[in-house]
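Structure first, then comments.
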Amino acid sequence: MGSREEQWFDVIVVGGGIMGSCTAYETSKRGYSTLLLEQFDLLHTRGSSHGESRTLRITYPEHYYPSMVLESSRLWDQAQAEIGYRVLYPTTQLDIGPYDDLSLQAVLSSCLSNSVGYRVLDPLQLEQEFSGRLVIPEGWIGVVSEGAAVIKPTKAVAMFQALALRHGALLRDNMQVTTMTKDGHDGGISVSTATGEKFRGKKCVVTAGPWMKKLVEAVTPGHQIPIQPLETTICYWRIKQEHENDYTIKGGFPSFAGYGNPYIYGTPSLEYPGLIKIAVHGGRPCDPDRRTWASRSDLMELLSKWVADRFRGRLEDDGPVSTQSCIYSMTPDEDYVIDFLGGEFGKDVVVAGGFSGHGFKMGPAIGRIVADMAFDGDAQGVELEYFKLARFEKNPKGNVKDFSEQVGIKEADST
Ligand SMILES: Cc1cc2nc3c(=O)[nH]c(=O)nc-3n(C[C@H](O)[C@H](O)[C@H](O)COP(=O)(O)OP(=O)(O)OC[C@H]3O[C@@H](n4cnc5c(N)ncnc54)[C@H](O)[C@@H]3O)c2cc1C
């Protein structure tokens, strides 16, 4: 490979969120000269990977995710050991919902087929287990599992970027990639930015998050990837003063997911003392360059009722005290897109996106997988067939599942 002065790299990674940062870490660690290009400032807040908490849970209704989470957990540990500080805080996971909810039943089957340990609790047992801090009605169950964690996302992205730099990667921000062409001369990929700079790479990995569809359309006109950006709202609720410590990780409170319509999730009180994150897994379709940044007031009544019912008046349930906006990148089946771009690029360009509101925990595994695909032409230890673009040619809705989707999508409105 040529030297950096000639702007030649073994691999160019487009996008500096968690996926691009993990990829740059993985490829630079393997000794490949690596360039990461980010369109905004490093650690900006306009994509999906910023903020203060993400959940890591092994429990999934789809049988092909738990092994990826387990691989990621090992890789998170390795990265933390390498950097020397923590970005991940171990917790217990509690999944709750009606006993006959098909997704929750699928979680149990997937735990069994992946040998993931869990305990099923009825309402009384759950009340005893968590000392009445969270309760469920008759006909519901709680599924308790270990190996979960809360991840600090901005700190985690910064960690992988620091490690990539340490392994010799070059990180350039405020570099929006506008075109990518197959270099007929020597077979690599030519990448141009809005600033007028050009770089050449033997391989390219595109991890553009909510901008994936736009970027792919720009570089391969007519090629539409079904990834829809969705604006979602994170909500923080105030814990009544005498109960503040009860809802912390130290106090033994779990991360949780409430199955049903809507799917509601939360993490223990960590980032803002006295507040707890509880939000709806859903949002409104948006253009990532023209989003509203507004919170979803239409869901607050429903969420407030859920909080009042589940937390028995120990939280102030008349509304969240703080909200933040963030973006999911939805595919029709909520499964990831991890594939070669194909066409004139063949196997030289790998795309990884459509993480559908549940990708953060997988970052390190995705980095490993796309590095294998870019340099070995394939990746083992992952059921890639579920993530290929071709699934949408067979069925526009993608992978067929016998349970309903988790993320609620509401058409754009004025709220
Ligand atoms: C509120 C919220 C809660 C979530 N909770 C969880 C959770 O609990 N657990 C979990 O596992 N996951 C969770 N997720 C999902 C997870 O955060 C995402 O799946 C993950 O962050 C996606 O990362 P990414 O790198 O694909 O995208 P991004 O972080 O958006 O990164 C893409 C990057 O590409 C850059 N880019 C785009 N186009 C270009 C271009 N042309 N040139 C250069 N750069 C470009 C963008 O600026 C951006 O920085 C949550 C997401 C949200 C929003």
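The values are calculated or read from the model by the stated rules, or taken from the named source; none is laboratory data. All values reported here derive from a predicted model rather than from experimental measurement. Cβ sites come from the backbone with ideal geometry, for glycine too, and all protein chains shown count toward neighbours.
From the list E316, E244, E301, pick out the single residue that is among the charged types (D, E, K, R), surrounded by 15 or more Cβ atoms within 10 Å (Cβ to Cβ) and without any contact (Cβ under 8 Å) to a residue 40 or more places away in the chain.
Values: E316 fails: without any contact (Cβ under 8 Å) to a residue 40 or more places away in the chain; E301 fails: surrounded by 15 or more Cβ atoms within 10 Å (Cβ to Cβ).
Result: E244 is the single residue among E316, E244, E301 that is among the charged types (D, E, K, R), surrounded by 15 or more Cβ atoms within 10 Å (Cβ to Cβ) and without any contact (Cβ under 8 Å) to a residue 40 or more places away in the chain.
Can you pull out the residues in the stretch 259-290 that are more than 30 Å from L108 (Cβ to Cβ), surrounded by 19 or more Cβ atoms within 10 Å (Cβ to Cβ) and either within 13 Å of the ligand (Cβ to nearest atom) or of a type in the set (S, T, N, Q) (or both)?
Those that are more than 30 Å from L108 (Cβ to Cβ), surrounded by 19 or more Cβ atoms within 10 Å (Cβ to Cβ) and either within 13 Å of the ligand (Cβ to nearest atom) or of a type in the set (S, T, N, Q) (or both): R284, C286, P288.
When the residues of the stretch 25-40 are filtered to those that are touching a strand residue (DSSP E or B) at 6+ places or on another chain (Cβ under 9 Å) and within 7 Å of the ligand (Cβ to nearest atom), the one that is farthest from Q78 (Cα to Cα) is Q39.
Every listed requirement among (1) in the same structural domain as I249 (by TED's automatic domain parsing); (2) over 13 Å from C235 (Cα atoms); (3) touching a residue at least 40 places away in the same chain (Cβ under 8 Å); (4) not basic (K, R) is met by L341 save one, (1). Taking (1) farther than 29 Å from L88 by Cβ; (2) modelled with pLDDT of 95 or more in turn, D298 satisfies each apart from (2). Taking the conditions exactly as written (surrounded by fewer than 18 Cβ atoms within 10 Å (Cβ to Cβ), among the acidic types (D, E) and either within 24 Å of T59 (Cα to Cα) or more than 15 Å from the ligand (Cβ to nearest atom) (or both)), does E197 satisfy them or not? Criteria not met by E197. For the stretch 338-358, a residue qualifies if it is more than 10 Å from the ligand (Cβ to nearest atom) and of a type outside the set (G, A, S), and the qualifying residues are I338, D339, F340, L341, E344, F345, K347, D348, V349, V350, V351.
Yes or no, residue by residue, for (1) within 16 Å of the ligand (Cβ to nearest atom); (2) not assigned by TED's automatic domain parsing to the domain that holds K361:
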position: I12; (1), (2): yes, no
position: L42; (1), (2): yes, no
position: T55; (1), (2): yes, yes
position: E62; (1), (2): yes, yes
position: M68; (1), (2): yes, yes
position: Y85; (1), (2): no, yes
position: P90; (1), (2): yes, yes
position: D100; (1), (2): no, yes
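So that you can scan it fast, the table gives a plain yes or no per residue for (1) touching a Leu at 6+ places or on another chain (Cβ under 9 Å); (2) under 21 Å from G147 (Cβ atoms):
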| position | (1), (2) |
| --- | --- |
| L215 | no, no |
| A218 | no, no |
| P226 | yes, no |
| W237 | yes, no |
| Q241 | no, no |
| S255 | yes, yes |
| Y259 | yes, yes |
| Y265 | no, yes |
| G274 | no, no |
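Here G184 clears all of (1) within 12 Å of the ligand (Cβ to nearest atom); (2) modelled with pLDDT under 95 except the condition numbered (1). Being closer than 24 Å to D173 by Cα and either among the hydroxyl-bearing types (S, T, Y) or out of contact with any Cys (no Cβ under 8 Å at 6 or more places or on another chain) (or both): is that true of L275 here? When the stated conditions are applied, L275 does not pass them.
Hey, any hits in the stretch 202-219 for a residue that's farther than 17 Å from Q93 by Cα, crowded, with 17+ Cβ neighbours inside 10 Å and more than 14 Å from the ligand (Cβ to nearest atom)? Outline the logic, then answer.
Filtering the stretch 202-219 down to residues farther than 17 Å from Q93 by Cα leaves 202-219.
After this cut, where a residue has to be crowded, with 17+ Cβ neighbours inside 10 Å as well, the list is 202-213, 215-216, 219.
Applying the additional criterion that residues be more than 14 Å from the ligand (Cβ to nearest atom) yields 202-203.
Within the stretch 202-219, one or more residues are farther than 17 Å from Q93 by Cα, crowded, with 17+ Cβ neighbours inside 10 Å and more than 14 Å from the ligand (Cβ to nearest atom).
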